[in-house]
Amino acid sequence: MADLQSKVTQLTSQIEGQLTTMVDEIEKQNLRPMGRNMHSCIVSCYDKVGKSGRKEQIEQCAQQCQIPYQQAGAVTQQEIGNFQNRLQNGMMQCQNDAQAMVTPDMQGDEKKMRQVENNLLKCIEGAVGKSKAELGPMRQRIESRMVVEAGNTGGESSGEKKGWFGRG
């Protein structure tokens, strides 16, 4: 059983590492530039309003600048949470299936219990493999949802459709 636990820990560490790598890449390639654009947009709010404008104007403009970045962060967190839930549910289903196979007479039979453990490990390997395959599509979903109207950020008002980074 200890060997099974170490193998499961190794599998979960692998998928967690891949998820972390993907999230780090999204943060560096997408969220950081968006954060920079958000702050530039906020500075432009101060420039537009100037010294004579109302405080509320600056606040409203700054809030609009923050929306894309906040939405991108929320989308990313939602997708990560859904991914983790699917992985956890898959592994729980494997555990439930293994428990359903155990009968009272198997408790003392090492060979039968080893077979149940092997089936459990294969199931968990399948769940982790399925999750690994979901990483690419999840990244595509996250990045595709990071497209907004540039005019909604409080910055440019051309109405031209652009990505989060101001590129067309």
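Roughly speaking, to the nearest percent, how much of the chain's 1.4 Å accessible area is carbon and sulfur?
Carbon-and-sulfur percentage of accessible area, whole number: 50.
What do you get for the angle between helix 55-101 and the principal long axis of the chain? Use alpha-carbon atoms, 0 to 90 degrees, nearest ten.
So the inclination is approximately 10 degrees.
Can you work out ³J(HN,Hα) from phi for every residue in segment 27-43, in order, using Karplus 6.51 cos²θ - 1.76 cosθ + 1.60 and θ = phi - 60°, giving whole Hz and x for Gly and Pro?
Per residue, the Karplus-derived 3J(HN,Hα) values read 5, 6, 7, 10, 6, 4, x, 5, x, 5, 4, 4, 5, 4, 4, 5, 4 Hz.
Measuring with a 1.4 Å probe in the full set of protein chains, what accessible area per residue, in whole Å², belongs to segment 16-144?
64
Would you tally the net charge around K28, using a Cβ to Cβ cut-off of less than 14 Å, leaving K28 out, and scoring K and R as +1, D and E as -1? Display every interim value, and only then the final one.
On the way: positive: R32, R36, R139; negative: D24, E25, E27, E143.
With Lys, Arg at +1 and Asp, Glu at -1, the neighbours total -1.
Quick one: 3J(HN,Hα) in Hz for segment 8-22, Karplus 6.51/-1.76/1.60 with θ = phi - 60°, rounded, Gly and Pro as x.
Per-residue couplings from phi come out as 5, 4, 5, 4, 5, 5, 4, 5, 5, x, 5, 5, 4, 4, 4 Hz.
Regarding the chain, what is the average projected area of its C-alpha convex hull, in nm²?
Averaged projected hull area, Cα only: 12.6 nm².
Among the listed pairs K7/K28; K7/K132; K7/K112; K7/K130; K7/K111, give every one whose C-alpha distance is greater than 23 Å.
Beyond 23 Å between Cα atoms: K7/K28.
Please report Rg (one decimal) and Dmax (integer) in Å for the Cα set of segment 2-44.
Every Cα atom of segment 2-44 included, Rg and Dmax give 17.9, 59 Å.
How much length is gained if the chain between Q70 and Q115 is pulled fully straight, taking 0.36 nm per residue apart and subtracting their Cα-Cα distance, in nm to one decimal?
Contour length minus the Cα-Cα distance gives 11.3 nm.
The values are calculated or read from the model by the stated rules, or taken from the named source; none is laboratory data. Remember, it's a predicted structure, so these values are computed and weren't measured experimentally. Reconstructed Cβ throughout: ideal geometry from the backbone, glycine too, with neighbour counts over all protein chains shown. Note: areas computed on protein heavy atoms with side chains; ligands, DNA, RNA excluded. Shrake-Rupley method; radii C 1.70, N 1.55, O 1.52, S 1.80 Å.
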